[in-house]
Amino acid sequence: MTPPRDDWDATAYDDDHSFVYEYGRDLLEVLEPTAGERVLDLGCGTGELTAAVSDAGATAVGLDSSAEMIATAREAHPDCSFVRADATTFDADEPFDAVLSNAALHWINDQAAVLETVRNALRPGGRFVAELGGTGNVRAIVDALEVELADRGYDAADPWHFPSIGEYAPRLEAHGFEVRSAQLFDRPTELENGEQGLANWIEMFGGEFFEDVSDTERDAILEAVEDRLRPALFRDGSWVADYRRLRFVAIADALEEEQRELR
Ligand code: BEZ
């Protein structure tokens, strides 16, 4: 398994990529956190959604593998709890009523391990509400990077995993979840900083593509990627990334909980 990333720049994330958690606010309407519930925010980043869950009256715990993200989250939201941990090995000491995850699961290679973590963290009947990049997410950007890297003799290593509903629902079921809803939908997403938006996005999130590439060649590749994508993704002075989301609600050990209620 690839170790979780720990080189996130929390300031750049908040300054230039805040759409990640702004879009995630929609998920709270699906989660509907209530007062007194315990909610784990898996892959919490700088803790904006964790704080929103807490504002709804729930006890919110944010988890992230990045020390910098957790430090920023703690400073910005001193009333919430944050834990720095690996989502594939985290062991909750008290069960949660819900696990929320926004734009984090596609970074995790070991999906079996993270689904086991979530199941073990939830009480029977607890809900897992998540959104991640779905199949075809940022396909145009990945394709352009792969072509430009391959043209210069590099083997591109796409660091993400963007599943379809058909792939992910059986995975959830295999880990004891009942899938109550799953949607795959397009969400074209305007990147911040105008002309610089695409290069900034690739630098923030796509560092793995450039691991063996010199700085000079990296700049040339970024320019070539922009040229390739401009006709499709540059509109009215901004780059619009071809995001596609997979959003689902799944219940942990649902039948066990229903039978317990009937007794
Ligand atoms: C996403 O949220 O879909 C995403 C974010 C960064 C890199 C790749 C995908």
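The values are calculated or read from the model by the stated rules, or taken from the named source; none is laboratory data. Every value quoted in this text rests on a predicted model; they were computed, and no experiment measured them. Backbone-built Cβ (ideal geometry, glycine too); neighbour counts: all protein chains shown. Side chains included, ligands, DNA and RNA excluded: accessible areas come from the protein's heavy atoms. Shrake-Rupley method; radii C 1.70, N 1.55, O 1.52, S 1.80 Å.
Data overview
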{"item": "Residues that are in a loop (DSSP other than H, G, I, E, B) and out of contact with any Leu (no Cβ under 8 Å at 6 or more places or on another chain), drawn from the stretch 48-60", "result": "G57, A58"}
{"item": "Identity of the residue in the stretch 48-67, away from the ligand (no atom under 16 Å from the Cβ) and within 19 Å of T11 (Cβ to Cβ), that ends up surrounded by the most Cβ atoms within 10 Å (Cβ to Cβ)", "result": "G62"}
{"item": "Residue in the stretch 61-76 that is modelled with pLDDT of 95 or more and assigned to a loop (DSSP other than H, G, I, E, B) present", "result": "yes"}
{"item": "Flag if G126 is crowded, with 23+ Cβ neighbours inside 10 Å, at pLDDT 95 or above, under 15 Å from the mean Cα position of the chain (by Cα) and of a type in the set (G, A, S)", "result": "no"}
{"item": "Every residue from the stretch 239-263 that is in a strand (DSSP E or B) and of a type in the set (G, A, S)", "result": "A241, A250, A252"}
{"item": "The stretch 88-104 - residue that is touching a Phe, Trp or Tyr at 6+ places or on another chain (Cβ under 9 Å) and within 16 Å of the ligand (Cβ to nearest atom) and, of those, nearest to P163 (Cα to Cα)", "result": "A103"}
{"item": "Condition met for D158 (open to solvent by 10 Å² or more (accessible area, probe 1.4 Å) and without any contact (Cβ under 8 Å) to a residue 40 or more places away in the chain)", "result": "no"}
{"item": "Test: residue in the stretch 234-242 that is within 14 Å of the ligand (Cβ to nearest atom), within 18 Å of the chain's Cα centre (by Cα) and touching a residue at least 12 places away in the same chain (Cβ under 8 Å)", "result": "yes"}
{"item": "Positions within the stretch 206-222 being in a helix (DSSP H, G or I) and either of a type in the set (F, W, Y) or exposed (fewer than 12 other Cβ atoms within 10 Å of the Cβ) (or both), in sequence order", "result": "F209, F210, D215, T216"}
{"item": "Criterion: open to solvent by 30 Å² or more (accessible area, probe 1.4 Å) and either more than 17 Å from the chain's Cα centre (by Cα) or over 25 Å from V30 (Cβ atoms) (or both) - qualifying residue of A182, A140", "result": "A140"}
{"item": "Boolean, Y243 is at pLDDT 95 or above and either touching a Gly at 6+ places or on another chain (Cβ under 8 Å) or open to solvent by 30 Å² or more (accessible area, probe 1.4 Å) (or both)", "result": "yes"}
{"item": "Residues being within 17 Å of T50 (Cβ to Cβ) and either more than 14 Å from the chain's Cα centre (by Cα) or of a type outside the set (S, T, N, Q) (or both) - total across the stretch 72-116", "result": "26"}
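Yes/no matrix, rows are residues, columns are (1) touching a Ser or Thr at 6+ places or on another chain (Cβ under 7 Å); (2) among the aliphatic types (A, V, I, L, M):
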{"residue": "A92", "(1), (2)": "no, yes"}
{"residue": "P95", "(1), (2)": "no, no"}
{"residue": "D110", "(1), (2)": "yes, no"}
{"residue": "A113", "(1), (2)": "yes, yes"}
{"residue": "F128", "(1), (2)": "no, no"}
{"residue": "G133", "(1), (2)": "no, no"}
{"residue": "V138", "(1), (2)": "no, yes"}
{"residue": "V147", "(1), (2)": "no, yes"}
{"residue": "D151", "(1), (2)": "no, no"}
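Let's see how each residue does on (1) under 17 Å from L132 (Cα atoms); (2) surrounded by fewer than 22 Cβ atoms within 10 Å (Cβ to Cβ):
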site: P33; (1), (2): no, no
site: D41; (1), (2): yes, no
site: M69; (1), (2): no, no
site: A92; (1), (2): no, yes
